[in-house]
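Peer 1: The structure under discussion is supplied below as structure tokens; questions concerning it will follow.
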Amino acid sequence: MEETEVEQLLDYCEKLQDELVDLKFQQNENKQLIMLDMLKEIVKACEETEKQQKESIRFGLESPDFEVSISNLKRYLQVRCRENGIWL
């Protein structure tokens with residue numbers, strides 16, 4: 001091969017590599033946005049359930065004992081978010 005052909009081939013390979021890196025970044029960003037939305041919904045649901053639990057206690061209604069489980073789940077999500085730099 002001639003030197004110019006080799007240079008063109010190298011340039012083409014570098015361009016493809018850059019496009020691949022960009023594509024991987026976009027895919028990771030999309031996954032991160034999906035995960036962020038999902039985590040927000042889970043935290044919101046946990047907070048609403050905790051609120052319902054408090055109201056059932058306040059009004060003397062019988063309710064299942066799930067407060068500890070919800071607190072553990074919420075704490076787990078908060079720790080995982082903090083570890084991954086996701087702030088809700």
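The values are calculated or read from the model by the stated rules, or taken from the named source; none is laboratory data. Computed from a predicted structure; not experimentally measured. When we count neighbours, we look across all protein chains shown, and the Cβ atoms used for this are built from the backbone with ideal geometry, even at glycine.
Peer 1: Looking at Ile34, Ile42, can you tell me which residue is within 30 Å of Gly85 (Cα to Cα), surrounded by 12 or more Cβ atoms within 10 Å (Cβ to Cβ) and either touching a strand residue (DSSP E or B) at 6+ places or on another chain (Cβ under 6 Å) or at pLDDT below 85 (or both)?
Peer 2: Ile42
Peer 1: Of the residues Ser69, Ser63, Ser56, which is outside any helix (DSSP H, G or I) and not basic (Lys, Arg)?
Peer 2: Ser63
Peer 1: Quick one: would you say Ile86 is surrounded by 11 or more Cβ atoms within 10 Å (Cβ to Cβ), at negative phi and assigned to a helix (DSSP H, G or I)?
Peer 2: For Ile86, the condition - surrounded by 11 or more Cβ atoms within 10 Å (Cβ to Cβ), at negative phi and assigned to a helix (DSSP H, G or I) - is not met.
Peer 1: Could you pull out the residue among Glu14, Glu19, Glu48 that is at pLDDT 85 or above, more than 15 Å from the chain's Cα centre (by Cα) and either in a loop (DSSP other than H, G, I, E, B) or surrounded by 10 or more Cβ atoms within 10 Å (Cβ to Cβ) (or both)?
Peer 2: Glu14
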